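Worksheet for the structure shown next.
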2 protein chains.
Amino acid sequence: MNIGQASAASGVSAKMIRYYEGIGLIPMAGRTEAGYRVYTAADVNTLRFVRRARDLGMPIERIRLLVGLWQDRARSSGDVKRIALEHVSELRTKIAELTAMCEALEGLAHACHGDHRPDCPILEDLEAGGRQARTRAGRRRRVDADQGVSSEAA
Amino acid sequence: MNIGQASAASGVSAKMIRYYEGIGLIPMAGRTEAGYRVYTAADVNTLRFVRRARDLGMPIERIRLLVGLWQDRARSSGDVKRIALEHVSELRTKIAELTAMCEALEGLAHACHGDHRPDCPILEDLEAGGRQARTRAGRRRRVDADQGVSSEAA
DNA sequence: CTTGACCTTCCCACGATGGGAAGCCCCATG
DNA sequence: CATGGGGCTTCCCATCGTGGGAAGGTCAAG
């Protein structure tokens, strides 16, 4: 099996297969006399394992641990579960960060009338460093200078 | 104002201030005779604006647009809002991706007894490419080979 | 034998940030 | 005035995972 075929069979690009080999995530593939890499069905299995772990958002180093456990007959599932839950925890943290950003920006966008006039709570908030906006609960005043076209920012 | 003072006042590292100047996100700072960058209060305002936008997770190119609108007296708030909502949309997409990963892995971790034995649904799923696991609803069978210490994966 | 598709290695790029080296500048203290 | 420490300058490198592309070798079909 060529690298191209292994790539098609595993869903991992040839470029990435070489990279994974280079960093020692997967064992070095065999070679033909001409220097072409050769892959077995077991190699493709490993590549699929890696790809699935990547799909779950895991960084390479965590995958390296999992591959090690996967190939360790004497592993304990507790170790695997610990790594998985560690990743779940990081995912949750990331989700919370993004959600906070999203909600803050949604609040600002909601307060912006979004028409042809330059007056814009979004820019005002960015300018003020989000201080007033987060002191209370989203928008700090009831868009009072709503008619004033001239009260711009910078 | 030195770059160090501008950094402290804006919350943007000196390294990043130079970088932002280098990529043209902020205008080139003035210089003393000795070549030191000099910053005004207005420059610090711009830096704070950028930092706040970064805190909302915006990539530099989007911030570049916003800075342009911010300094454009004739801007329309609709343009600002459109950019903001575009970013909200991308944040939501990212959150959805991470949530999907998180739930998938949580389901697998939940199905894993996490003890000293090697039998592990997490590794089995990674090996199988998540096919069986997602066909139904999380775990595909009721951990039936629970006592079998020998039914390992690779 | 030619041609086109594939493989090889090597370098570069991204995006945003930090680290660090080599060298110059400024100020304060002795 | 000299010296030292800290701040400034530029330049290079690293991250992390991925893709692009060049230059050259190989393989299989026509």
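The values are calculated or read from the model by the stated rules, or taken from the named source; none is laboratory data. Keep in mind it's a predicted model, so treat the numbers as computed, not measured. Glycine also receives a Cβ, built like all others from the backbone with ideal geometry; neighbour counts cover every protein chain displayed. Only protein heavy atoms, including side chains, enter the accessible area calculation; ligands, DNA and RNA are left aside. Shrake-Rupley method; radii C 1.70, N 1.55, O 1.52, S 1.80 Å.
Ranked from shortest, the separations from the 7 Å Cα-to-Cβ label point of residue A:106 to its equivalents in the other copies are 1.7 nm. Mean partner shielding of peptide A:82-89, defined as the number of other chain Cβ atoms within 10 Å of each residue Cβ, is 5. Distance from the C-alpha centroid of the stretch A:1-61 to that of the stretch B:1-35: 45 Å, rounded to the whole angstrom.
Over the stretch A:1-56, the fraction of Cα-Cα pairs per 10 Å bin, rounded to whole percents and listed from the shortest bin up, is 26, 62, 11, 1. Available extension along the chain between residue B:113 and residue B:31 is 23.1 nm, counting 0.36 nm per residue and deducting the alpha carbon span.
Rounded to the nearest 100 Å², what is the buried accessible area between B and A, both sides summed, probe 1.4 Å?
4900
Considering only protein heavy atoms, what is the solvent-accessible area of residue A:49 at a probe of 1.4 Å, reported in Å² to the nearest 10? The accessible area of residue A:49 comes to roughly 0 Å².
Distances between copies of residue A:65, taken at a point 7 Å out from Cα along the Cα→Cβ vector and listed shortest first: 3.9 nm. With the simple model of a label 7 Å out from the Cα in the direction of the Cβ, residue B:96 to residue A:72 spans 3.9 nm.
Candidate cross-link partners of residue A:94 among the lysines, defined by an alpha-carbon separation under 16 Å and a same-chain spacing of 8 or more, comprise B:94.
How many partner chain Cβ atoms sit within 10 Å of a residue's Cβ in peptide A:94-103, on average, as a whole number?
6
Dimensions of the stretch B:42-131 based on its C-alpha atoms, expressed as ranges along the principal axes with the largest first, amount to 67, 26, 17 Å. Counting only other chain Cβ atoms within 10 Å of each residue's Cβ, the peptide A:62-69 averages 2.
Mind pulling up the Rg/Rh value for the stretch B:25-88? Radius of gyration and Kirkwood radius, both on Cα. Across the stretch B:25-88, the Cα-based Rg/Rh ratio is 1.06. One residue of chain B places its C-beta nearer than any other to the axis carrying B onto A; that residue and its whole-Å distance are B:95, 3.
Charge dipole of the stretch A:1-56 (Cα centre as origin; +1 on each Lys and Arg Cβ, -1 on each Asp and Glu Cβ, all else neutral): 160 debye, rounded to the nearest 20.
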